[in-house]
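The values are calculated or read from the model by the stated rules, or taken from the named source; none is laboratory data. Remember, predicted model here, so these are calculated numbers, not experimental data. Note that we place each Cβ from the backbone using ideal geometry, even for glycine, and neighbour counts take in every protein chain shown. Just the protein is used for accessible areas: all its heavy atoms, side chains included, with ligands, DNA and RNA removed. Shrake-Rupley method; radii C 1.70, N 1.55, O 1.52, S 1.80 Å.
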Amino acid sequence: MRHFVTSHTLILVVTGFLSFNAVESRLGALRRADTSDMMNQMNQPINENDTSNNATGDVDTPEPDECTGKIYVGNAVDAPYLEKQSYVEILKQYFEYITPGNVMKWDATEKSQGVFSFDASDKIVKFAKDNGKKVRGHVGVWHNQVPQWLKDLDGPGLINATQNHIKTVLQYYKDDLYSFDVCNEVLGDDGNLRDSFWSQKLNDSFIEMAFQAAMDAGTNIKLYINDYSVEGPGKKSDAYYAIVKSLAEKKLLHGVGFQGHMIVGKLPSLEEMKANLKRFVDLGLEVAYSEVDVRVPLPASPKDLVQQAQDYATFVTACKETQGCKGVTVWGVGYPDSWVPSTFQGFGDALLFDDNYQPTQALTSFEQALKGNLTQESS
Ligand code: G3I
């Protein structure tokens with residue numbers, strides 16, 4: 001991670017806020033309206049006749065003109081950054097939902113089997129509560145950032161540990177989370193079931209087992225599946241659809257996350273993205289872009305930054321124009337807290353705020369799209 005901010009850059013950030021406030025104040029009313037609508041929706045039980053978390057499918061289906069123009073905006077947050085004033089101010093001002101970027105993962109919450117620690121994730125949840133934000137919980141079953149003891153278990157042991165972990169986390173946060181990513185990235189890049197310790201020990205049965213455990217926890221948290229490279233048409237997206245359809249038919253989930261980690265200019269078309277979201281919504285589920293970033297080759301060219309701004313707007317517009325799409329979460333605030341540079345050599349500048357936590361043209365474009373200024377298909 002790069003160092004966060006110097007006193008010099010802090011002044012620039014504050015200056016950026018001042019000049020941006022004119023735009024922001026106009027957007028504020030729209031955002032607040034959107035948020036209260038979302039809160040109202042979220043406070044409704046999943047099924048009017050049933051206040052436990054045991055249904056999906058035809059319940060919670062949006063009314064005909066419900067969602068257009070009313071999406072939330074979220075961000076991934078890592079607990080250490082909450083010590084940084086400029087980062088916190090951006091979160092407070094711009095984002096309505098937050099996702100713990102790392103501290104709610106298995107290696108953080110259950111480092112030793114049966115010994116749970118929520119200290120770090122509690123900080124994020126408290127920040128959210130104190131500032132009127134909602135929390136998208138992340139993550140239960142994943143092949144990454146898990147403790148070694150979990151990987152070492154045999155099949156039955158893995159089932160027991162998973163049931164216990166998911167139940168414990170969901171019940172601990174039963175009044176705090178909007179949603180929880182029960183399973184993350186179960187598919188490999190080729191669209192087949194990912195080769196992981198989960199699939200090696202349990203084939204594909206771990207997916208249903210984990211969702212059943214989450215449902216059995218009996219909370220009102222919306223249960224999500226989450227994956228990447230599923231934003232448009234294609235083999236992996238179709239495989240994702242098949243898994244989701246099967247879970248939906250068994251009434252085991254409520255929502256589908258499309259991560260949205262993209263390379264600049266490589267998004268599917270707006271129409272493809274909308275059509276893809278819609279087929280999942282048509283299963284009776286809600287959908288969301290859950291981890292959006294748009295990376296560019298470094299040093300970033302002006303042309304790429306214009307395209308990146310367009311790409312961000314495409315995400316927002318696809319969500320706004322798809323009934324049942326609840327929101328767009330961006331994976332990090334400023335360039336220094338992005339996972340991109342350390343993972344994709346030669347790429348970076350993937351977020352809405354720059355190295356000095358000042359707004360980028362991608363943010364302006366994102367805001368314009370939120371206001372309903374439509375994207376134009378780029379060539
Ligand atoms: O916490 C340790 C710290 O103690 C140590 O000094 C430091 C040294 O490298 O590492 C720190 O851990 C890092 C952790 O982030 C917290 O910053 C890990 O090395 C690093 O690998 C980890 O990266 C995270 C990555 O998931 C791991 O797969 C990213 O921050 C996080 O943004 C990223 O998020 C994932 C989503 O959960 C799922 N979808 C993809 C997305 C991007 O990879």
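Here are a few things to note about the model shown:
- The set of residues in segment 275-294 that are closer than 15 Å to Val316 by Cβ and either modelled with pLDDT under 95 or among the hydrophobic types (A, V, I, L, M, F, W, C) (or both) comprises Leu277, Val287, Ala288, Val292, Val294.
- Against the numbered list (1) closer than 19 Å to Gly324 by Cα; (2) within 16 Å of the ligand (Cβ to nearest atom); (3) assigned to a loop (DSSP other than H, G, I, E, B), Leu253 comes up short only at (2).
- Pair list, Cβ < 7 Å and 6+ apart or interchain, from segment 67-78 residues that are more than 15 Å from Gly257 (Cβ to Cβ) and open to solvent by 10 Å² or more (accessible area, probe 1.4 Å) to residues that are away from the ligand (no atom under 16 Å from the Cβ) and at pLDDT 95 or above: Thr68/Lys320; Thr68/Glu321; Thr68/Gln323; Gly69/Lys320
- Matching residues, segment 172-191, being more than 20 Å from the chain's Cα centre (by Cα) and assigned to a loop (DSSP other than H, G, I, E, B): Asp190, Gly191
- Those residues of segment 297-331 which are within 16 Å of the ligand (Cβ to nearest atom) and in contact with a Ser or Thr (Cβ under 8 Å, 6 or more places away or on another chain), in sequence order: Thr329, Trp331
- Only residues that are touching a residue at least 40 places away in the same chain (Cβ under 8 Å), assigned to a loop (DSSP other than H, G, I, E, B) and not charged (D, E, K, R) were counted across segment 192-247, and they come to 13.
- Long-range neighbours under 6 Å by Cβ, at least six apart or interchain, first residue touching a residue at least 12 places away in the same chain (Cβ under 8 Å) and of a type in the set (Val, Ile, Thr) within segment 174-191, second within 13 Å of the ligand (Cβ to nearest atom) and part of a loop (DSSP other than H, G, I, E, B): Val186/Arg194
- Of residues in segment 342-356 being within 21 Å of the chain's Cα centre (by Cα) and closer than 19 Å to Pro80 by Cα, the one farthest from the ligand (Cβ to nearest atom): Asp354
- Pairs linking a residue in segment 127-152 that is among the aromatic types (Phe, Trp, Tyr) to a residue that is within 12 Å of the ligand (Cβ to nearest atom) and not in a helix (DSSP H, G or I), with Cβ atoms under 8 Å and 6 or more positions apart or on different chains, are Phe127/Val77; Trp142/Lys105; Trp142/Cys183; Trp142/Asn184; Trp142/Glu185.
- Residue selection: Pro268 satisfies the criterion of being surrounded by fewer than 20 Cβ atoms within 10 Å (Cβ to Cβ), within 30 Å of Lys250 (Cβ to Cβ) and more than 16 Å from the ligand (Cβ to nearest atom).
- Qualifying residue in segment 313-330 (condition: under 16 Å from the mean Cα position of the chain (by Cα), surrounded by fewer than 23 Cβ atoms within 10 Å (Cβ to Cβ) and under 13 Å from Glu231 (Cβ atoms)): no
- Val294 being open to solvent by less than 10 Å² (accessible area, probe 1.4 Å), within 16 Å of the ligand (Cβ to nearest atom) and within 18 Å of the chain's Cα centre (by Cα): yes
- Of all residues in segment 197-232, those satisfying the criterion of being in contact with a Lys or Arg (Cβ under 9 Å, 6 or more places away or on another chain) and either at positive phi or within 16 Å of the ligand (Cβ to nearest atom) (or both) are Phe197, Gly218, Tyr224, Asp227, Tyr228, Ser229, Val230.
- Flag for Gln358 being open to solvent by 40 Å² or more (accessible area, probe 1.4 Å), within 28 Å of Ile243 (Cα to Cα) and modelled with pLDDT of 95 or more: no
- With respect to (1) surrounded by fewer than 22 Cβ atoms within 10 Å (Cβ to Cβ); (2) hydroxyl-bearing (Ser, Thr, Tyr); (3) within 16 Å of the ligand (Cβ to nearest atom), the lone exception for Thr364 is condition (3).
- Segment 86-125, subset open to solvent by 20 Å² or more (accessible area, probe 1.4 Å) and of a type in the set (Asp, Glu), residue farthest from Asn164 (Cα to Cα): Glu89
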